[in-house]
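K.L.:
Just passing along the structure, written as structure tokens.
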Amino acid sequence: MSDNHKFAERRLGYLPLRDGHAIPLRGISPADIKEGAKSRVLHPDADPLKHRQTLNAIVDRLGFAGDFGTYQNKGWPEFQAFL
């Protein structure tokens, strides 16, 4: 069984990015975001995204300030405290 198939079994949905790419996400923890970024679906007519760009685009699309590093160190802990 391929890794993408295993990931698809756990997927909750896709997060569309502003440039037409889509990210399969199980949740919004930093680990879930990293896993989703590895399985991104690239839009054939848009510029390809590097892994780090994808992480930053996911955080931006979710509405958190800063880049992935800021989200991982500040945004995610604050979000967990909020919940």
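The values are calculated or read from the model by the stated rules, or taken from the named source; none is laboratory data. Worth saying up front: this structure is predicted, and the values here are computed from it rather than measured. When we count neighbours, we look across all protein chains shown, and the Cβ atoms used for this are built from the backbone with ideal geometry, even at glycine.
K.L.:
Please state which of the following conditions Arg18 fails to meet, knowing it meets all the rest: (1) modelled with pLDDT of 95 or more; (2) in contact with a Lys or Arg (Cβ under 9 Å, 6 or more places away or on another chain).
P.N.:
(1) is the only condition that Arg18 fails.
K.L.:
Okay, moving on. Having 2 or more residues that are surrounded by 13 or more Cβ atoms within 10 Å (Cβ to Cβ), under 11 Å from the mean Cα position of the chain (by Cα) and of a type outside the set (S, T, N, Q) is the bar; report the helices (runs of 4 or more DSSP H) wholly within the range 4-83 that clear it.
P.N.:
30-38, 51-62
K.L.:
Show the residue pairs meeting these rules: Cβ distance below 8 Å; 6+ apart or different chains; first residue within the range 65-76 and over 14 Å from Ile28 (Cβ atoms); second residue assigned to a loop (DSSP other than H, G, I, E, B) and hydrophobic (A, V, I, L, M, F, W, C).
P.N.:
Thr70/Phe64
K.L.:
Output the number of residues of the range 31-68 satisfying the condition of being among the hydroxyl-bearing types (Ser, Thr, Tyr) and more than 11 Å from Asp19 (Cβ to Cβ).
P.N.:
Going through the range 31-68 one residue at a time, the tally reaches 1.
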